[in-house]
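Report on one structure; see the data block that follows.
The values are calculated or read from the model by the stated rules, or taken from the named source; none is laboratory data. Since we're looking at a predicted model, the values are computed, not measured. When we count neighbours, we look across all protein chains shown, and the Cβ atoms used for this are built from the backbone with ideal geometry, even at glycine.
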Amino acid sequence: MDIRVGDVVKLKKQHPCGSYLWEVLRIGMDFRLKCEGCGHQIMIPRKQVEKNLRQLIRKEEEGKES
């Protein structure tokens, strides 16, 4: 998986606030994710994120000119 800090992931199950979208804040053995709905942060194992991933939304690279 090529998930980077700043990307947004859509997971299989929704958070109790109703949002499916999570922003990636940290990557390693565990991921730190922030709920896009309420701002709650969780630490979750990499294997669990990869298993429950439904969609990966890339962060737009700002200020990059080609």
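Return yes or no: is M1 exposed (fewer than 13 other Cβ atoms within 10 Å of the Cβ), in contact (Cβ under 8 Å) with a residue 12 or more places away in the chain and in a strand (DSSP E or B)?
no
Of the residues that make up the range 43-58, is at least one over 17 Å from M1 (Cα atoms) and polar (S, T, N, Q)? Spell out the reasoning first.
Taking the range 43-58 first, the residues over 17 Å from M1 (Cα atoms) are 43.
If we keep only those that are polar (S, T, N, Q) too, we end up with none.
Checked the range 43-58: no residue is over 17 Å from M1 (Cα atoms) and polar (S, T, N, Q).
Based on this model, can you work out whether E50 counts as part of a loop (DSSP other than H, G, I, E, B) and either of a type in the set (A, V, I, L, M, F, W, C) or at pLDDT below 95 (or both)?
So E50 does not fit the description; no.
So for the range 14-27 (the condition being free of Cβ contacts under 8 Å to residues at least 24 places away in the same chain, of a type in the set (D, E) and assigned to a strand (DSSP E or B)), does at least one residue qualify?
Yes, the range 14-27 contains at least one residue that is free of Cβ contacts under 8 Å to residues at least 24 places away in the same chain, of a type in the set (D, E) and assigned to a strand (DSSP E or B).
Would you call E23 surrounded by 12 or more Cβ atoms within 10 Å (Cβ to Cβ), touching a Ser or Thr at 6+ places or on another chain (Cβ under 7 Å) and on the phi < 0 side of the Ramachandran plot?
no
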